[in-house]
Amino acid sequence: MPLYEYSCPSCGFKFEELKRMDERLSARCPKCGATAEKALSSFAAVVGDGGGSGGNCGSDAGSCCSCGSGNCQG
Ligand SMILES: [Zn+2]
């Protein structure tokens with residue numbers, strides 16, 4: 001079974017659980033018992049609602065972000 005990451009909307013606790021495909025959308029928070037929803041990967045979650053201005057290095061590769069690769073997703 002794949003491992004899914006969840007984030008509890010009630011207490012903010014993040015945890016991972018092995019789930020079947022048809023059970024992956026929700027899990028019970030081990031801390032407070034609330035229903036936690038499936039979280040995106042930690043990478044995507046950090047970027048989240050960034051405002052939509054970044055992440056498009058385009059032709060100026062390496063000049064718009066600190067990663068230097070010109071291929072950042074941030
Ligand atoms: Zn919780």
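A short reminder: the numbers here are calculations on the coordinates, not readings from a lab. Keep in mind that what you see is a predicted model, and the values were worked out from it rather than measured. A quick note on method: Cβ atoms are made from the backbone with ideal geometry, for glycine too, and the neighbour counts reach across all protein chains shown.
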(request) For every other residue with a beta carbon closer than 12 angstrom to the beta carbon of ALA39, add +1 if it is Lys or Arg and -1 if Asp or Glu, then tell me the sum. (result) -1
(message) Need the full-extension length gain, GLU5 to ARG20, defined as separation in residues times 0.36 nm minus the C-alpha distance. One decimal, nm.
(response) 4.1 nm
